Structures are given as structure tokens and as C-alpha cells.
Amino acid sequence: MEEASGGDGSLADPERSTSDESSKTESMDVSEHSDVNGTQLENLLKDMKLENFYQEKLSLSRILQIDEKTTTDEPTKCNSDLPWYFLKKLMMVNVTARNVKFTSTSESACAAHTDGTEFDIDELFDNLDSGDKLNPLDIITALFLCSDSFVQQEMALKMSLCQFSVPLLLPNCDTKQCTLMLWALRNIVKSYTPLSLSESKGFIEDRIVVSKLPMVSFVRLGECSLSKSEILNKLLSNSQQYHDTFVHRNMENGNCPRQISNGLTEISWYLPCGNKNMDVFSEPVAVANLRGDITSFETQFAFLCQTSAAVFVFFDNLDSECKLLTNQHHKAQIFLVGNYQCQRIKKDALGKVVKKLKLTKTQVLMKTPQINDADFIKNLRETVCNVVENSKEKMGIEQMADIAHELEILVDEDCGECQTAKKNADAITAGIQDILKYKKAQLPLQGETWKELTSLEKKECRLKIKESETLEEYKSELQEKKAQLREKQRSNGVSDAMTRFINAISSSDTEMCYFLKWMRMNLDNLSRQKLSGLRETYKKKKKSPKNKKEIKKIDRQLSNSSLGIEHFFREMGQIYEASVSLPETNPSRQQFKHLPRLCAGLLLHGFPLELVDGDASNIPLRWVTDVLSELNDLVSPNKILVVTVLGVQSTGKSTLLNTMFGVQFAVSSGRCTRGAFMLLIKVNDDVKKELNCDFLVIIDTEGLKSPELSKLDNSYEHDNELATLVVGLSDITIVNIAMENATEMRDILQIVVHAFLRMKGVGKKPKCLFVHQNVADRSAPEKNLRERELLLEDLNKMTQAAAKMEKKEEYKSFTDLIEYSPDTGSVYIPGLWNGSPPMAPVNAGYSVAVYELKKSVLKMLGDCKTSVNKISEFAESIKDLWSAVKHENFIFSFRNSLVADAYMKLCTEFNKWEWEFKKEMYSWTKKAETKISNTGSGKSEGSSFGQLLTRLKSEASSELSKWEKKLLDNLEEYFKKKEGHVDLVEAYREEFANSAKSLRREMERSVKNQLTVATDIRKGMIKVDKIKMNHTKKVKERVLALIEECRKKKDNMTDTDLDKEFNKMWDEMVREIDLCKQEPTDVWASVKGVLRDNLTWKGSHVCELLEKKKLEDCGNMPFKYTVEGKYKQLKHKFCDWFRIEDQVEALQKLAEQIIEDCTQFVKEKVERKTDYHDTFIQQILRMIDEKLENNQDIQIERDFEVSLKQHICANAARCFQKMHQDFIQMNDPHRCLNQNKERFRENFKDEFNELDLCQKKAKGFTDHCLMPAVEKFVNSSLGLDIIGVMMGKSQFSTRMFFQYSVLLDLLKRENFEDYLSYDCSHEKYVKKWILDEMEKLLTNESVSKFEEQHLRSSIKSITDAAHKAQAKEGGNLEKFIQDFREELVDTLVITEDSVSPFMVLNKVNLEQFAHQLTECVKDLTDVLGKQFKKTPIRTKLAKLDVKPQDELFKKLVGCGKQCPFCKVPCEAGATVHTQHFTSLHRPVGLGSTRWEGTKKLVVDICTSLVSSNCSFRCDATKGEYHPYKEYTEIYPEWRIQPDTSLESTDYWKYVLNRFNHKFAEESNAEPAEIPDTWKKITKQQAEECLKESFRVK
């Protein structure tokens, strides 16, 4: 049995003192400690540091919280430690709890002398006084006085389990009042077998407060040399089983003076087991024990006289008058018990008292020298036995309340909240006659309707459809049935009982707690009564084999007769679930929206929440998650760790958790846990850092291999589902194994292994402890070692078998699944009871072993390297896990929201690091290109280009290595964190590391290509620049000569005259100058060579294909792929006829996409107006190869590849040839010379007229040289800034959020052409969308901020360069310009064309020129600033060197792979990834899938299809039908998470319904048959679906 509420008993304590202490008197009534500043109670509470709890009482949550003392074994050091020591042990039902002591100063001093040094003999006698030690009864009394009613009840229950006596009347020595502890004792349930039932082996089980039993009381009059309490212990113990029920003087600290516990009346019970050889009394009896002298506690004595069958008065000396005994009105028989050996008994006085009381001989018991202890106890026992057997005075503690009221004794139940709560509970439970009928009438929502809903939910997951119906029709039908059932639930309304229940739990916290306790007790009482009767009937019917039908009926009744508080909460959950299926504004929904918060409050008060409904085997997901959501709001911070216990039914799982954590999972006879319940335990601040959590969640589960369920066909499935759920939720799973049944043990291990295997498959790593209960013999370690080895062998075999079933055969041993060591992973716990119940106390070994287990569990939790869940994340896990376990193929169906969130966070972080890497390399490359562009001018002229390129490439490699290492280090550090659930995405670490390495390779190729291109182009330009410089030199000579010639003429020359002379001179000079032209490169020949190199290695057939057609003849017409061979042509015609997409059509689509990308690449190169380089064609061919490689699901024919590459390269060659010619034309020296003619003319006139040229030249230099260079600098830098801004926007943060934003925008536009473009030209549409979105998000103000920043930076560089050039001694303007350009070699590119006019006529004041230049540069800031502000965003974007839209596209579109069924793009975050996935699949008809017969578009969705029994066929299956469930065999790189809920794809259902006919027309198909439920989907629901799918909050 799984209960821990059995009877009371004793076992001999080997450490009990056996010395004869009869000379001592039992008088410890007065403490010698007092303080003039306070009462005795106040002083004691201060001493124990409990004074704060006297008014603000101790609560259960305070006692049960996990703190530093929970698992520390430090000895108590002072009195203030003792109460907590007692509570700690008591909550773990440790029978040594009352052995409270600490190492006092005197004991320490005594211990110091053990080394043999001399000491004063008087010290021995000085230390005999008990000093500041506390009597255990004072500690117990103090704790009861300082605790609230619920702690008192829990303490009394645990004390009873330890077979300690419990307080019946609790004294308060300050108020001189005492309290009847009726409430405190109400939770104690006892079971026993009286003589009348011994033969039938029946038993009686009831709450002890309502059990009418004879009570025998023991009191003391005056001083007494006999230890009354010790005698009572011997009286209640049989010869085989001694136990200290009552604290006595010979126990540890039992001899310490009592300070506040005098007047305490304790009670215990002797309960027979039905065995004559063992029972001390054959009938049950209550035993009361009053502490202190009855002369001081007349009220308590009077109470006992009124309620007892007999009162035994212990005395040493009697006053002959003895008014206390003679004047009392006794209902009870009085018995006198004296110790004649003390020699203080006066016979005369005794005789008078006997006469007055009319006592018989049997009513006076004397301990004489002739009677030893054993005989004395025997006589006393016989006397008590006689009283019990003949007594008619039987009274339950409940009835004693009336007598207490008469005597003005307080009753703890009399408080207003308790009585109101009782009244409310009774109003609900009083009318229950037939439990089954009551449940149907008052709790109707959780009956068959809820079970039908459960069945429908499972059908939604399994989707086993008939051939005649479509999947979506079937799902819609199920949804309609669910809606009808919910309506049926709502039509029942809220019953009277539930209205009362909800009102009662809405009251104040204290009243609510009382109410739930009353409800639990009332319902347990009802179930117990009903079950006991049914059990008796079952026993009788079982005797005859003819009664099979009746036995089955009784079996069902036994199962249905269970009624607990969980049924009311279950009903509350169903009321809520039914209400939330209504629209939000509906009054019925509003009426019940507060229910989850009510339940969340109960969790904080220590009441359990039912996670899994054990009767329906289902989770009311909306109810549970909303309760946890409210809990999440109520407490902050709220990180949790989860501990679960799994095991066979009735092996003590609940008792184990109750003992370990002091909690209150239901344990009562005949009512085993059904389903799964969770409790919350607070973690104190002092251990929060160590455990890294704020709460522990404890989950208790239904026993696996339950007899009630074993008869059902799906019982194994049920057990598997439950085990998988709780293992998935847990940080530590305790597997409880009872050692008696090896077969059941293997069965449960098999179930657990399946659960761990599934968790391993989805990346979760729970920890596990195997607890072996009822281990009797711990004396043979080698035996346990062998058992552990055998257990591991079994686990390994089961792992292999489970792995085979789950198709995960790479796992060969149990240690492959979890970290498990046979030495540390197994815990052995002895049996619960120390002896035979009902008088057996809990085994001390059991408590100690469970305490050690608790320490191990907390240590393992503290060592947990995994991320700790918040309550909200725990709720998400429940949803995900339960959704997954309802599918038959768990590993492929598991969608973990926490994993999704963790993956999203990882992607976001990695994107930041990746962009940082790219940004730095872009900046570095820009500087390197600037340096290359400036090489050959000024001082750099003599530099070797080869050396420069080698050096830059080496620097690039170093820079790339540095950033690659930084990226990998960031990744490593990220996975070391405990936050963010990084452990859940551990499986993706390798992918992201590979992505980092891939990025480095890609960047290295790109950077080195750019450096090579820049160097080669610059090398070609050097010759041209030399020619231009030579031209400038000649112009200078001719102009100077012309000035001299004109000045010699005596006539004043007008501007017209000067123009004529200049034109004449210019024409002559141009005729004389050798205008050598650049020879253009044959781009066609270069392209052919690169193409041949690319294809040659693919074989001779490819070379033949290449030679068949001239490149110049390719690309003139749009690309059209045609097949050769009659069979292929016929097949293509057949597919075209039946509107089936075949190989040819798929290749054509692929070709068009590749052509579009390559065309865009060529366009961007042409727009840069640079020269042609072979790397451009190499890049194009690499793009084509990558696209073809990424589409391996389409069979790529060699002739297709060759013709596609020829087509693209031919078009590229045409564009590049023209670009090359334009470049040559633009840089033609003759053209450049004529272009600068007017600037030369102007310089000539100014020089002739001897004007001050400083300002003019500075202005000209600024306008013609610096302004273009600054603009180019800003444009080369601005792209990176815009990308940074865009990445900060949510729509561009991750691939998933990008997809969400695009789809949301499509929904808002609701334009079919947009959807068609998104579908058919996805990349083109997305690129345009990115550009449009950037234009929306970017404003001139936001971009101007960066433009101004780069403008200021470049102006500062110019100003600094001017100052440095001016500071250099000796030189003219030409030398100044040369030095100035050298200073800017890494920053700005000032072209030779723009500078050359300044090299003519440079007779200016250098200092004045530099000053004017600085002023002009200042004006340049204003001019460019205004110009930037006026420029439209799209124009700005077109001018940028790094195109933000292209970078964002590369980052956000990913691999470009599409779902093989519905054609939705992959969203995997890592550039290099092994599995493709997407968040929102859609009807496969949108991927052009049609029904073979009707040609109608298919409405089924791949996320549902992979859960169904449907099949598909395609080229990949070679035309054979293949089950959707096993799609991974055909498409192993794809992961499609099953999702059978109707709402999950509302977005695409809405779209297909909206544009059904148009999509059909475009696909050459017939319109789809839209299910009715789709037609009801609103635009708002479609948007909500998007948010849910992409986890947008």
C-alpha cells in the first residue's frame, strides 16, 4: 500500500536506559530559570528565537521551504537550533526527532579533559545539573503554540506516524488556558483489526477523532517516584516491539525541568492487528497522559474524568482528605497506582481515600518490593484490559468538544474561518449518497463528454482516415464534433455544488485553506465508507466463479466510487475550458476568467495541481497552462527545477515524496494516485544561488502497470505517454522500484528507457536515480554491487530493444541516453515500517535513507548544467510534450517551444557576431582597395603591385583568422551559459561552428578576389595615368610659353583674344601629342576560357556539347530547355497533357531562377563602371554550380547544365564586353585631355592676368578633387551602417521573423498577384520586398545621421592631411598636392584626372592656398550635407558600394530549399545545416499538388499528412506509393513537425479559400474542395495563426 497513515506501535530502543531510577521522583514541574523581564513562556520563546512566531504563526510554506539547513548535518549548537532540528526530522517522519540536544559548554569542557590531564573532582558534580538544556516536551509545546492550524495538523500527523503521543490539551502557561486540539488531530487516520474481524481478516479504518474508543487516562498526584510515562510505554509495547510513545525521564533530555509543558495532556492509541500472539489489547484503546501535578491542573483533570473510561492516579503520598479526588463528579473509574518502595505512603490516608471513593481491591495497584517491573506492568495491563473490555464509556475526540466547552476549555476548531469553511464543505458533501450519481449530477463536465473529447483529440493526432474522405474534411469533422461536445458541456451549466465550491475557494486565504482541508477529509470519509462496503461485497462474490459479471460490475464501481477534491478542481478546469472556446467578449467566458488565478493562489499555498487527469488520461491543456501563466505573474523571479517520481502502483511513491519534502500528496487506503499532480516548494534565499532556482516543482504520478488499467488494450501506451511526459518535464526522475516483484520491475524499466530514449532524441538530458525500496539486508555490499551490475545489464538490453522500436539504433547502452553510474545512480531504502502495523512506527532507517536521497537529489539539482526553466517555459513544455506524446512517432513529432525559443536566441546572437565579422572585413577590404587605387600616384609610384597584393592577402588571412576565432570563441562562451536553455540547442552547435568556418572561407574567397581585381585594374590604369601625366606636363609647358608670348605683345589682350590664342595653341598641341590608345581585351575569349576550365573536368561528353554551339550564338533568345530522345519527349508530353509537373518543367523553373540571379549580378557589376575581370565569370559559374548542387532532388542532366551555362555566360560576355569598352572610352587619355581643356584655359587666363589664384585654386581643388572623393567615401561606408540599422529591426532580425513579416504584409495587402509572385518567383519577390521595406523604414533623417558622421570623419582626415602637407619644408603646390594625397592614401581616392589641371601653373602662395583650402573644406561640409538631405532614399541605395538589400537577402533567405510537399522555404538559422525546417507549412495544393483523378488542388497540409495513414508518390519514390509517416526515408534532410490542430495553418487556409479559383487557374488545375470550417476563418484568425506559428509575442 502507498499509505503512511497506519497504526501506532513500538520497537525496543537499544539505547534506552535500563538502570533502576525508582528512587527519583517524577517532579519536573518547575523550571529554575526565570527572568524578571518576561514571563516564563516569553523567555523560553526568546531562548529558542521563536518569539516572532507567537503572534505571526509558523506556516507550512515556511517549514517546508528548501533552505541551508535542509540538507546540512551540522550539530545543533544552541537552543534556537533545536525547534528547527525537531521540525526537520519530524517532517521526514524520523523517529529520532525528539532526541534534541546540543553540545553545551560544560560538555565541551568535559571533553577537553579526556586527554588525561588532572582536573578537580568537584567539577564532576558541578556539571550534573541539566543547565540550559530543554525538555523535548517544551520544544513540542512551544512549536504548537507558535504554529498555525495547518502546521499543527501536519505536526500531529507526522508525530502519529512516528508513534509519538500527540497533544490533546495544549496548555498556555501565560494565560493559564488550555486548548482541545481537535483540528490538529483531524487528519490522523488509523486502521486496525479488532477481535471481531480477526478471523475474516477485515479491518476498520477511520479518522481517529470520530472513532468512538474507550480512553484510559494517566495522571499524577503530588510527587511520584514511578516514571508514569515510561510505565505507559511498557504497557503499550509487546515483548517484541518496544517504543517510546511518551517522553520520559530516561530519554535524552527527558529529565530536564519542564518550563511550559506542564498541563500538557497527550494522547496515543493502542490499535490491535488481529493477531492474538502480538496484540497487547484485543480492542482499540486511547491512552491520555497529563503532564504535571493534577492539583495544579484541575481543569485538565476534570476534563479527563468526564471523557475517560478510567483514570489511573499515580502517587507517592496521599492526603487523607484529598478533596481533588473525592469531590470530583467522576464518570470515569478511578484507579490508584502507588510505589510502596518509596516508603512515603501512609496506609491510613490511603485507606480513607479508598473508602471515600468506594474503590475495590482491583482499583488499587501497588508496586511492592516483591513485584518486579515485568509483573507490575502485567498487572497494570490486565487492569486496563478489563476496563477496555467492560467499558461502556466510549467517546470520540469530536464529542469531547462539548465537555471542553462546559469546562471553558478552548477548542481549536471554534475559530470563525474554520467553522464557516466547515459549513461550506458540509453543504457540498452532506447530500452525497451515491457517489456515481452525485458525480453525474454535480460534476457532469468531466464524465463521458470529457472522455469523448480526449478520444477526438487523439484521433486528431493519429489521423487514420478512410479512403473515401480527405484529411482536411476528416479534421473539420472532428473539430465540429469537439465544438458540439463543448457546447454540450456548457449546456449543463455550473452545478450547485460547483458554485458553492468556487465561492468557497474565493474567500480569504485562511478560510479557503480550511475549506479545502474540510473538503478533503469529508470526501475521504465518504470514499472510505463506500469502498469498504464494496470491498466486502467483492470478497464474498470472489469466492464463487459464477459471479464473474457481478465481480466486473463491482470492479467498475470500485473505480468510479473514488471522489476526491481533485474531481472538483477537474470540473473547474472543464468549466474553464468550455468557456474559453467561446468568443472573448462572451459574458460566460468573462464569468470564469478568474478561475486560473484562484488555482494559482492555491499552488502557492501548498495545494497540488492536477496535471494529468488520471481518469481520462488527458491534460486539460488550456486550463493547466493558464493556471501556470497566472502563477508566473504572481511570483517573480520564478525559475524552477522539477523532480518527479515514477514507479509501479502501490510501491510508496507518494509516501517517498511526502517523507522527502514534507509535502501532502494524497495517501489513503484504497485511493492510489491517478494521473499526475504537481506541488510547489519555495527555495529560500540562502540556497537560491546554489540551486539556481526559486522553486522546486514536485510531480507525483500514477503508478505504472496499474491493475485497473492493465485490462485495457492501450494500458502500455498510457504508461508510455505518462512516463514520457513526466521525464520530459523533469530535471531529475526518481524511478521507484519495489524489490519484491522482478517482472513488474522489468516492465517499468522498459517504459522508463523508452522515455529517456525519446528525450535523448530531442536533445533533453534529464538525470535519473533508481530507488530500490524494501531492501531488508544492507549487510552485503557485494550483493548490492552485483544487483547494480545486473540492473545495468537489463537497462542496456532494454535500451537496444527500445532503440530498435524507435528507429534510433545508434544507442546501444543506457549510458548513451543519460549520465548514469551504477554506483551513484542507485539508492537502497529499507521498508517503511519498523515492525508490524498498526502499532509500528516509521522505520528510522527509512527516514535516514530518504534524507540521504533528498541530499543526493538537491546536490544533483545544484550540479545541473542545463538551463533552468521559468514557470512560463514549464507551461510551454507541458503543451509541447503532451502534443508530442499523443502522436505515435514521438521523436519526429516533438516540437519543443523552448527549443524553438532557444534556437531563435542562438540565431539572433550568431547573426550579430556574423555581421560584426562581415562588417569588419568589409571595412578592411575598403581600406585595402583605397590603398591599391592610390598606388602608382605620388610616392607610391615605384611600389611593386605583386608585393603589395601578396602583403594584403597575407594581412587579410590574418584578419580573417582573428575574426573566425572570435566568432568561434563567442559560440563556445554562449554554450557555457546556464541561461537561455542553451543545452536544448546543443545539437546545433556543430552546425553553427561549421557556418562560422564556411563564412570565413566565403569571406576569404570574396576578399582575395576583390583585392586581385582591384590590383589588376589598377595595374592597367598605371600606364594610362603616366600618359595623362605626360600630357599634363606638355600642356604646362605650352601654357607657360603662351603666357610669355602674349605678354610680349604690346596690345592689351581681351578675353576673346586670349581664347583665340589658347585654342590655337591647344589644337597644335593635340596634333603633335602621340595619342596612344588602349587595346581592348577580347572578353568573349576570356569568358570561353573560364567556361571551358569550369566544364572540362566533367568529361569528354560535356566538352563535345560545349563545342557543338558557338558561345556568340547563345543567349540571343530566352532560355528554353528541351529534351532529346523519343522516350523523354513522350514522357514530357504525357505530363503536360495531364498537368503534372515533370523533370523538364522543374529544370526550366530552376534555370529561370538561376538566370535571374546571374543577370542581377552582372547588372550590379556594370553599374559600378569598373573594368572587366575574369573573376566575374568565375563568380557567376560558382553561383550556378551552388544552385545546381542545392537542388539535388531534381535530376540535373549534363546537356541542361552546359546549355544553361552557355546561355548565361554569353549574355554576361555581351554586357562585360560593352562595360570593358565603356571603361576604356571613359579613361581614354585623349578624351580626358579634352575634358579638362576648359579648366586649363581658365588657369591660363588667371595666370596671364596675374590674379590671386589661391582662393580659386582651393575652391577648384575642393569641387573637382575632394568632393567626388568624399562622396565616394560616404557611399562606400553608408551601406554597412544601413545594414546595421536594418538588422536591429524585428523584421530583419532572424529568418523566422523575416518570414513572419513577409507573410503578414501579404495578408494585409490581400492581393493575389503578390501571393503568386511570392510563390512562383520567391527570391525576386523577397528582394523587392526587402527594398520596399527598407524605403519605408529609412528616412532621410535616420540616414543623414550616418552620412554626417562619415562626412565629419573624411573632412577631419582632409584637414589633418593639409596641415601635415603644409608642415613639410620646401615645395610648391605640386609638392603640396603630392604630400596631401600621400596622407590620404588609406582613406580617399583622388583620381589623376581630377588633379592634373592643378599641376599646371602652380605659382601660388602655399600658406594662403592651405588656408583657403581649409575654408573651402568647411563649406564642403554644408554643401554635401544639404545635398545628402535632398537625395531620395532609393537613389542613395543605388549609389552604395555595399547594397544593404543584397546582404539582407543573403542573410535572411538562407539555403533556399523548399518543403518537398508544400514548397515553403527553409528557415534554418545556420548557413551550414544538416536539416531543413520551417515554422508554417501550408496546403500542398499551393505547391501545385493535385488529385490524380479529379485534378483538383489538394487541401491537405503536410504537417497533418505526416501524422496520418496517407501515402504519396513522386519521382523520388520512383512512382511507388510511400507512407507520409515515413517521409524521412525519402527526404532525410527535412524535418516536418506534425501538427494536427486546425488552427495551426489558419493563415494558408484563409489564403487558399480566398484565392482558390485563381490558384487553380495558375496551376492548370481544378479548384480545391474547401472544407466548411475553412470558410469561417477570419483575417484576424489568420494573423493570430502567424503569431502562434512564428512565436511572436
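The values are calculated or read from the model by the stated rules, or taken from the named source; none is laboratory data. Since the model is a prediction, treat every value here as computed from it, not as a measurement. A quick note on method: Cβ atoms are made from the backbone with ideal geometry, for glycine too, and the neighbour counts reach across all protein chains shown. For the accessible areas, the whole protein counts, side chains as well, though only heavy atoms, and no ligand, DNA or RNA atoms are used. Shrake-Rupley method; radii C 1.70, N 1.55, O 1.52, S 1.80 Å.
Pick from region 793-819 the residues that are open to solvent by 20 Å² or more (accessible area, probe 1.4 Å) and hydroxyl-bearing (Ser, Thr, Tyr): which of them is nearest to the chain's Cα centre (by Cα)?
It comes out as 815.
What are the pairs, 6+ residues apart or on separate chains, where a residue within region 1018-1045 that is in a helix (DSSP H, G or I) has its Cβ under 7 Å from a residue that is modelled with pLDDT of 75 or more and charged (D, E, K, R)?
Going by the 7 Å Cβ cut-off, the qualifying pairs are 1020/1171; 1042/1061.
Report whether or not residue 189 is within 25 Å of residue 154 (Cβ to Cβ) and in contact (Cβ under 8 Å) with a residue 12 or more places away in the chain.
Working: within 25 Å of residue 154 (Cβ to Cβ): yes; in contact (Cβ under 8 Å) with a residue 12 or more places away in the chain: yes.
Considered against the rule, which asks whether it is within 25 Å of residue 154 (Cβ to Cβ) and in contact (Cβ under 8 Å) with a residue 12 or more places away in the chain, residue 189 comes out as yes.
Does residue 266 satisfy being of a type in the set (Asp, Glu) and modelled with pLDDT under 90?
In short, no.
For region 188-215, name all the residues that are open to solvent by 50 Å² or more (accessible area, probe 1.4 Å) and small (Gly, Ala, Ser).
Of everything in region 188-215, those that are open to solvent by 50 Å² or more (accessible area, probe 1.4 Å) and small (Gly, Ala, Ser) turn out to be 196, 200.
Looking only at region 327-358, filter to residues that are β-branched (Val, Ile, Thr) and closer than 18 Å to residue 310 by Cβ; which one of those is most open to solvent (accessible area, probe 1.4 Å)?
354
Condition test on residue 923, is it within 30 Å of residue 68 (Cα to Cα), small (Gly, Ala, Ser), open to solvent by 20 Å² or more (accessible area, probe 1.4 Å) and at pLDDT 85 or above?
On the way: within 30 Å of residue 68 (Cα to Cα): no; small (Gly, Ala, Ser): yes; open to solvent by 20 Å² or more (accessible area, probe 1.4 Å): yes; at pLDDT 85 or above: yes.
In short, no.
Is at least one residue of region 1368-1375 open to solvent by less than 30 Å² (accessible area, probe 1.4 Å), modelled with pLDDT under 85 and either in contact with a Ser or Thr (Cβ under 9 Å, 6 or more places away or on another chain) or in a helix (DSSP H, G or I) (or both)?
Yes, region 1368-1375 contains a residue that is open to solvent by less than 30 Å² (accessible area, probe 1.4 Å), modelled with pLDDT under 85 and either in contact with a Ser or Thr (Cβ under 9 Å, 6 or more places away or on another chain) or in a helix (DSSP H, G or I) (or both).
Hey, among 1178, 1195, 1221, which residue is surrounded by fewer than 19 Cβ atoms within 10 Å (Cβ to Cβ), in a loop (DSSP other than H, G, I, E, B), in contact (Cβ under 8 Å) with a residue 60 or more places away in the chain and not aliphatic (A, V, I, L, M)? If you could, list the steps in order and put the result at the bottom.
Working: 1178 fails: in a loop (DSSP other than H, G, I, E, B); 1221 fails: in a loop (DSSP other than H, G, I, E, B).
Answer to the check: 1195.
Out of 1201, 1186, 1238, 1242, I need the residue that is assigned to a helix (DSSP H, G or I), open to solvent by 30 Å² or more (accessible area, probe 1.4 Å) and within 24 Å of residue 1146 (Cβ to Cβ). Which one?
Numbers: 1201 fails: open to solvent by 30 Å² or more (accessible area, probe 1.4 Å); 1238 fails: within 24 Å of residue 1146 (Cβ to Cβ); 1242 fails: within 24 Å of residue 1146 (Cβ to Cβ).
After ruling out the rest, the residue left standing is 1186.
Which residues, taken from region 37-74, are assigned to a helix (DSSP H, G or I), closer than 25 Å to residue 174 by Cβ and under 33 Å from the mean Cα position of the chain (by Cα)?
62, 63
If you go through region 1532-1542 one residue at a time, do you hit one that is open to solvent by less than 20 Å² (accessible area, probe 1.4 Å), touching a residue at least 40 places away in the same chain (Cβ under 8 Å), of a type in the set (A, V, I, L, M) and in contact with a Cys (Cβ under 9 Å, 6 or more places away or on another chain)?
Scanning region 1532-1542 turns up at least one residue that is open to solvent by less than 20 Å² (accessible area, probe 1.4 Å), touching a residue at least 40 places away in the same chain (Cβ under 8 Å), of a type in the set (A, V, I, L, M) and in contact with a Cys (Cβ under 9 Å, 6 or more places away or on another chain).
For region 573-603, how many residues meet the condition of being β-branched (Val, Ile, Thr) and assigned to a helix (DSSP H, G or I)? Talk me through it step by step, then tell me what you get.
At the first step, the residues of region 573-603 found to be β-branched (Val, Ile, Thr) are 575, 580, 585.
Within this subset, residues satisfying the condition of being assigned to a helix (DSSP H, G or I) are 575, 580.
So the count comes out to 2.
State all residues of region 1023-1040 that are over 20 Å from residue 1063 (Cα atoms) and of a type in the set (A, V, I, L, M, F, W, C); if no residue qualifies, say none.
1024, 1027, 1029
Quick check, is residue 788 touching an Asp or Glu at 6+ places or on another chain (Cβ under 8 Å), modelled with pLDDT under 75 and within 19 Å of residue 724 (Cβ to Cβ)? So that I can check it myself, show each step before the final result.
Values: touching an Asp or Glu at 6+ places or on another chain (Cβ under 8 Å): yes; modelled with pLDDT under 75: yes; within 19 Å of residue 724 (Cβ to Cβ): no.
No: the conditions fail for residue 788.
Of everything in region 1474-1495, what is assigned to a strand (DSSP E or B) and in contact with a helix residue (DSSP H, G or I) (Cβ under 8 Å, 6 or more places away or on another chain)? Give them in sequence order.
1483
For region 1327-1348, which positions are of a type outside the set (Asp, Glu), in contact (Cβ under 8 Å) with a residue 12 or more places away in the chain and either open to solvent by 20 Å² or more (accessible area, probe 1.4 Å) or in contact with a Leu (Cβ under 6 Å, 6 or more places away or on another chain) (or both)?
1327, 1330, 1331, 1337, 1339, 1340, 1342, 1346, listed by residue number.
Yes or no, residue by residue, for (1) crowded, with 21+ Cβ neighbours inside 10 Å; (2) under 29 Å from residue 1298 (Cβ atoms); (3) modelled with pLDDT under 85:
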position: 1480; (1), (2), (3): yes, yes, yes
position: 1483; (1), (2), (3): yes, yes, no
position: 1507; (1), (2), (3): yes, yes, yes
position: 1555; (1), (2), (3): no, yes, no
position: 1574; (1), (2), (3): yes, yes, no
position: 1580; (1), (2), (3): no, yes, no
position: 1592; (1), (2), (3): no, yes, yes
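Enumerate the helices (runs of 4 or more DSSP H) found wholly within region 1378-1473, keeping only those where 2 or more residues are under 30 Å from residue 1025 (Cβ atoms). Full working, then the answer.
Working: elements: 1392-1395, 1406-1430, 1433-1439, 1444-1453.
Qualifying helices (runs of 4 or more DSSP H): 1392-1395, 1406-1430, 1433-1439.
Of the residues 132, 115, which is over 20 Å from residue 518 (Cβ atoms), at pLDDT 60 or above, open to solvent by 10 Å² or more (accessible area, probe 1.4 Å) and of a type in the set (D, E, K, R)?
One residue alone meets the criteria, 132.
Conditions first: (1) modelled with pLDDT of 80 or more; (2) assigned to a loop (DSSP other than H, G, I, E, B); (3) touching a helix residue (DSSP H, G or I) at 6+ places or on another chain (Cβ under 7 Å). Residue 693 passes all but one, so which condition is the exception?
(3)
Looking at (1) in contact with a helix residue (DSSP H, G or I) (Cβ under 6 Å, 6 or more places away or on another chain); (2) assigned to a helix (DSSP H, G or I), can you tell me which one residue 1345 breaks?
The single condition residue 1345 does not satisfy is (1).
Just checking, does region 323-336 include any residue being touching a residue at least 24 places away in the same chain (Cβ under 8 Å), more than 19 Å from residue 299 (Cα to Cα), out of contact with any Gly (no Cβ under 6 Å at 6 or more places or on another chain) and of a type in the set (D, E, K, R)?
There is no residue in region 323-336 that is touching a residue at least 24 places away in the same chain (Cβ under 8 Å), more than 19 Å from residue 299 (Cα to Cα), out of contact with any Gly (no Cβ under 6 Å at 6 or more places or on another chain) and of a type in the set (D, E, K, R).
Please state which one of 1356, 1324 is within 21 Å of residue 1487 (Cα to Cα), of a type outside the set (A, V, I, L, M, F, W, C), open to solvent by 60 Å² or more (accessible area, probe 1.4 Å) and out of contact with any Leu (no Cβ under 7 Å at 6 or more places or on another chain). It would help to see each step written out before you state the result.
On the way: 1356 fails: within 21 Å of residue 1487 (Cα to Cα).
After applying the criteria, what remains is 1324.
For residue 1004, state whether it is within 17 Å of residue 1450 (Cβ to Cβ), modelled with pLDDT of 90 or more and either open to solvent by 40 Å² or more (accessible area, probe 1.4 Å) or in contact with a helix residue (DSSP H, G or I) (Cβ under 7 Å, 6 or more places away or on another chain) (or both).
Yes: the conditions hold for residue 1004.
Just to be sure before I move on: is residue 239 polar (S, T, N, Q) and free of Cβ contacts under 8 Å to residues at least 24 places away in the same chain in the structure I sent? Show your work before the answer.
Working: polar (S, T, N, Q): yes; free of Cβ contacts under 8 Å to residues at least 24 places away in the same chain: yes.
Yes, satisfied.
Residues in region 235-259 that are at pLDDT 90 or above and not in a loop (DSSP other than H, G, I, E, B): how many?
2
Taking the conditions exactly as written (aliphatic (A, V, I, L, M), crowded, with 23+ Cβ neighbours inside 10 Å and in a strand (DSSP E or B)), does residue 641 satisfy them or not? Show your work before the answer.
On the way: aliphatic (A, V, I, L, M): yes; crowded, with 23+ Cβ neighbours inside 10 Å: yes; in a strand (DSSP E or B): yes.
For residue 641, the condition - aliphatic (A, V, I, L, M), crowded, with 23+ Cβ neighbours inside 10 Å and in a strand (DSSP E or B) - is met.
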